[in-house]
Amino acid sequence: MALRRGEIGIYALIAVVVTGFGIYNFIELQLHPLSEDPGVPFYSTASHEVERAATDIIHRENCRDCHTLWAVRNVMQAVPSPPLDGMGSLHSEQWLYDYFSASDPQSIVPSRLKPKYRMKSYAGLPAHQRRLLAQYIASLKVKDWYLQEVKKTEYEKLTGHSMVDMGKPSSR
Ligand code: HEC
């Protein structure tokens, strides 16, 4: 059965839209490759001295084999570990120091990964290097507006209410 003119028009329109969308996506990907995901917005409050000394240790110990830091990590490794970006909003310096000093880090943060992918113990490092690491990682703070956004979204998901309603005097 032959297509009616109206039907041909509709199919032509769909074809144009679908092709157009494909081309648009292709261009979009060239301009903004997926690997450029900006991740969590964060900043560091550390001094240059602390940053430089800690970065040396981070390079030497290959933390980036497993962790993203400043949105950079070793792409040859695919360990599913948490990014260090913004970690200072999650843990205090003391917590980090104790974690790096633990002979069994999995007694603090349990792991379901294969042993070779798990967080290593840095108990063997000199105390001042563990302190530097803790100080620097603790200085990586998630930007305030982002934390607020996350809290707001979580609140709305959990309660079904907008956070804007909070603190308003009740109508009763
Ligand atoms: C072999 C991979 C590997 C290396 C190397 C490694 N980590 Fe980890 N790290 C992990 C994994 C995986 C976790 C999550 C806990 C686990 O599975 O043991 C983790 C957890 C952490 C945490 C706690 C995150 C949380 O969930 O609270 C911090 C902080 C951390 N690592 C910092 C570092 C630093 C700093 C270095 C370098 C000195 C480093 N890691 C090196 C794999 C690694």
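Some observations on this one:
- Packing, as the average of other Cβ atoms within 10 Å across residues, places the peptides 143-156, 75-88 in the order 75-88, 143-156, highest first.
- Note on Ala12 and Lys151: their simple-model spin labels are 5.7 nm apart, each label 7 Å out from Cα toward Cβ.
Where a number appears in this text, it was derived from the coordinates with a stated rule and is not lab data. None of these values were measured; they are calculated from a predicted model. Neighbour counts are summed over all protein chains in view; Cβ atoms, including those assigned to glycine, are modelled from backbone coordinates with ideal geometry.
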